[in-house]
Amino acid sequence: MLLEVTGLSKRFGGLVAVSKLDLSIREGEIRGIIGPNGSGKSTLFNLISGVYQAEPGGRIVFAGEDITGYPSHEIARRGIARTFQLLRIFTQMSVLENLLIGYHPHVRYGSAAATLGSASVWTEERRLKDEMMELLGFIGLTDYAEIPAGELSIGQRRLLALGRAMAMRPKLLMLDEPAAGLSPVNVDKLLSTVLALKQRYGLTVVIIEHILKVVMESCDTVTVLEHGEKIAEGAPAAIKDDHRVIEAYLGKEMGDAEVRAFLKAS
Amino acid sequence: MEDASISAGDAVRRDLGARPLWSRLHLPWVAGALFLLLLPWATRNAYHHYILNLILINVILAVGLNIVKGFAGQVTVGHYAMAAIGAYASAVFAAKFGVPFWLALPAATLFTGLVGAIVGIPAFRLEGAYLALATLGLAESVRIAIGVTDYLGAAVGFSDIPPPVFFGRPVVDHIAYYYIVMPLALAGIYFSFCILRSDIGRSFKALREDSLAAAACGINVRKYKLLAFLISALYAGCAGSLQAHMAPGFLHPNSYTITEMVTLLLMVVMGGLGHIWGGVIGAAIVTVIYDLTRDYYQYQMAIFGMVIVLTVMFMPRGIGGLIDDYLAKRRFVAIRRAKANAA
């Protein structure tokens, strides 16, 4: 298993956001995570990526190493890249610079060499700029390399957020609602980009998504959360018909007796 | 469509590839050094040499402040206190312990760097206005502490700081002192360029914009905050030491008040917060204006304050930002035009 989460919980005051969650992600799979609003999907991402600290008792093991309680940057350095629901791209920096920030963990020169402006820094910067231009071509933003990221459209920003995560050369890519707010055409474009990236770099991908089309078409396995608990897990086709999942999304189907009681009460 | 975008991509890549070799990249620096070397001949009198020295010392201060405030986004109001620490440390080393200037300068610089790194620790938890208040408090206590310490001359001032001695000759003339200040300022600008154009500078900008996202990209936020405070304090320490040993070798705590800090902020804001040339442009302009309007000194603060507000409102990225926007737009148009021609 690439990622093994056991007994993970998170409380905010009295509210239980994630409760004793177990999750195993196989290397090379695409995992979808779905669930109604407030079911703990994003909290799960924040726990895995070290933004939040889990309650005692939870454990997160990545590639054989226990990373529970590690700070964010250490987790990122070990190969977990994520995107944010609200993107959080660096709007005042150029598109190319955004990608270069993603590449930060792999920069090879030290602070002293950087301060003195040695030739090795210059060659390394040129090399990684070339490399990032290639990635930029892959996500289709080459023309915008030197434009401030804040001037991009929403669709382009989503692609850039994906590109920044990819620049980290991750083993595990976690996407938090990558297709939210996109037009159907752009959803397809984003989906094919994710699949192409996965093919090319041999990634493992976890996707939180509300657009069911994305989940059904691209995921190998789907995990369904409700109230911070896992209520179902399996192949997309099986999940679609699971009565607990339908209940979670649409509410419980009422029996005759219940309907009568409900009508009487109102 | 596909072909056109590839050709535009090639245009950008060609452009990146066509950047000059590392050695040629240093030509502008040689030219700049030559210009500064000959500059005193273009001036008329010793007062101009004094102003030149003042500008260059302010350049060092402003470049340092721009690193911590403009690039790393840490709102510090304590930069001038760092200069005070550097100045008094250097003065003590030289006047009380007889350490020659050439050793007192690096010693004071390192000492200030250390203090700066310690001052940076509150920045782990505080942000924006809160950090500004904390650093203001620290800075004011430094000034007041100096003002009541007899060892440092208290409110009378610290006098008889020995000038640098160069091959047995004391450097008292402003024109001679210029040749000590100028190389240091030039080196300061050069190092800031190297730092800010490298991965370190990019990381600073990332934590300025969004420290959570920066951490998710593998940036150790605490380390880089500390580094920013350390570097800027090194600059301030060096500038302070240069202030101390410049003729007439006198320091007074009143030269390190909040007024000086506002002037320094004006330099950086006007030149361009977070612009690589911001500190240099701002220090030059503001120092000259400051000197030209000396007769109206009681109105200076009011005018400077107004200029800061107006700059922030109408030119938020300063003079440097205006230049940058112009260049970036021109490039984008050129790329688009190349694409249209190819299609």
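Computed over the alpha-carbon pairs of chain A, the distance histogram in 5 Å steps reads 1, 6, 12, 15, 17, 15, 12, 9, 6, 3, 2, 1, 1, 0, 0, 0, 0 percent, short to long. Across chain B, Cα pairs under 8 Å and at least six residues apart give a relative contact order of 31 percent. Helical runs (DSSP H, four residues minimum) scored at -39500 (n - 2.57) apiece and divided by the length of chain B put the mean residue ellipticity at 222 nm at -23500 deg cm²/dmol. What you get for the protein assembly as shown, charging only the Cβ of Lys and Arg (+1) and of Asp and Glu (-1), is a dipole of about 760 debye around the Cα centre. Roughly what % of DSSP beta bridges within the protein assembly as shown run antiparallel, to the nearest 5? Counting only bridges with both partners in the protein assembly as shown, antiparallel ones make up about 60 percent.
Label-to-label distance, A:Q199 versus A:L116, with points set 7 angstrom from Cα along the beta-carbon direction: 4.7 nm. Taking every DSSP beta bridge that has both ends in chain A, the antiparallel portion is near 55%. Report, in degrees rounded to the nearest 10, the 0 to 90 angle that the Cα long axis of helix B:101-120 makes with the longest principal axis of chain B. That works out to roughly 60 degrees. The 3J(HN,Hα) values that the Karplus relation (6.51, -1.76, 1.60; θ = phi - 60°) gives for region B:26-32 are, in residue order, 8, 4, x, 5, 5, 4, x Hz. Gly and Pro appear as x. Normalised by the number of residues in region A:92-169, the mean separation of alpha-carbon contacts (under 8 Å, six or more apart) gives a relative contact order of 55 percent.
Here the Karplus relation 6.51 cos²θ - 1.76 cosθ + 1.60, evaluated at θ = phi - 60°, turns the backbone of region B:158-168 into coupling constants of 9, 10, 6, 6, x, x, x, 10, 10, 6, x Hz, with x for every Gly and Pro. Given contacts defined as C-alpha pairs under 8 Å and at least six residues apart, what's the relative contact order of region A:36-79, whole-number percent? Reported as a whole number, the value is 31 percent. Axis of helix B:46-65 versus longest Cα principal axis of chain B: the two differ by about 60°, to the nearest ten degrees. Entry note: the protein assembly as shown has Rg to Rh equal to 1.07, where both radii use alpha-carbon atoms and Rh is the Kirkwood radius. Dipole size of chain B about its Cα centre, with +1 on Lys/Arg Cβ and -1 on Asp/Glu Cβ: approximately 880 debye, rounded to the nearest 20. Put simply, the amide H of A:E226, placed in the peptide plane, has neighbours under 5 Å in A:I231, leaving out anything fewer than 5 places away on its chain. Remark: B:L207, A:L191 ranked as A:L191, B:L207, counting other beta-carbon atoms within 10 Å and listing the fewest first. As a rough footprinting exposure proxy, the listed residues A:F12, B:F101, B:F250 were ranked by other beta carbons within 10 Å of their own, and the order from fewest upward is A:F12, B:F250, B:F101. Toward the positive end of the charge dipole of chain B, with +1 on the Cβ of Lys and Arg and -1 on the Cβ of Asp and Glu, the farthest Cα among B:G272, B:A129, B:F167 is that of B:G272. Of B:E140, A:E27, the sequence from fewest to most neighbouring Cβ atoms within 10 angstrom is A:E27, B:E140.
None of the figures in this text is laboratory data; all of them are computed from the coordinates on show. Keep in mind it's a predicted model, so treat the numbers as computed, not measured. Glycine gets a Cβ as well: all are built from the backbone with ideal geometry, and neighbour counts include every protein chain shown.
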